[in-house]
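These notes are about the structure you will find just below.
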Amino acid sequence: METLLVLTNAEAADTLALVAWVLTFFIVLNAGILIYTIIRNNKAAKYAAMMSDTGDDGATSESMTKKAPKKPKTKKGEVQPEENEEDAYLPEGTFQISLTDLANPERTFYAEGKAAYLVGRRPQMDLCIPDDGYVSGTHCKFELVEGDLFITDLESSNGTKVNGVKITEKTKVTENDVVRIGKMEYRVNY
């Protein structure tokens, strides 16, 4: 027993239009998925390349985000030497700095060997904070002036705060002050 399907011209045209619409939908959907995948992989590749690039001074970006060396602990009553052994090898007029994320203390940005450090999202910054969209490409600058540490906001989009106060000019920073860069707060040690 054979069944033969007979369609009129109008029914055939409607059926072909429906099939064409369904095929177009799936082609567009697959193209969108493909484009999304390419963009995501491209961003991942750029981020990986950024993290392995070298800066102007030859230091890798990895050194910009390594954990700060722990300071030697002294027993109660012991006198700590005036010059820290870690600072002894730094050239005169330079310093080391670490910014520790208050929300995640394991996340510390660290740099050493300069008299001033640029902070921002760009990979060539001395302290690169790549994963915070609220951090400008070149956000702020830390500099040592006659033994005192200062921070200057470099006209960033979202500003910089020291201990909760938005800064508009070069501002003195002391050990353990809290600096807000982007949407995160960091404890400053130098």
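The values are calculated or read from the model by the stated rules, or taken from the named source; none is laboratory data. Just so you know, these numbers come straight off a predicted model, no measurement behind them. Positions of Cβ are generated from backbone atoms using ideal geometry, with glycine treated the same way; all protein chains shown enter the neighbour counts. For the accessible areas, the whole protein counts, side chains as well, though only heavy atoms, and no ligand, DNA or RNA atoms are used. Shrake-Rupley method; radii C 1.70, N 1.55, O 1.52, S 1.80 Å.
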Practice task
Identify, by number, the condition in (1) touching a strand residue (DSSP E or B) at 6+ places or on another chain (Cβ under 9 Å); (2) at pLDDT below 95 that residue 140 doesn't meet.
Solution key: (2)
Practice task
Could you run through region 138-190 and say how many residues are touching a Gly at 6+ places or on another chain (Cβ under 6 Å) and hydroxyl-bearing (Ser, Thr, Tyr)?
Solution key: 1
Fill in the blank from the handout: When region 89-140 is checked residue by residue, the ones that are basic (Lys, Arg) and either farther than 18 Å from residue 161 by Cβ or open to solvent by less than 40 Å² (accessible area, probe 1.4 Å) (or both) are 107, 114, 122
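When the residues of region 145-180 are narrowed to those that are part of a strand (DSSP E or B) and in contact with a Ser or Thr (Cβ under 6 Å, 6 or more places away or on another chain), which ends up most open to solvent (accessible area, probe 1.4 Å)? Spell out how you get there, then give the answer.
Of the residues in region 145-180, the ones part of a strand (DSSP E or B) are 145, 148-153, 160-162, 165-166, 171-173, 178-180.
Now drop any that are not in contact with a Ser or Thr (Cβ under 6 Å, 6 or more places away or on another chain), which leaves 151, 153, 162.
Working: 151: 0, 153: 35, 162: 14 Å².
So, considering only residues that are part of a strand (DSSP E or B) and in contact with a Ser or Thr (Cβ under 6 Å, 6 or more places away or on another chain), the one most open to solvent (accessible area, probe 1.4 Å) is 153.
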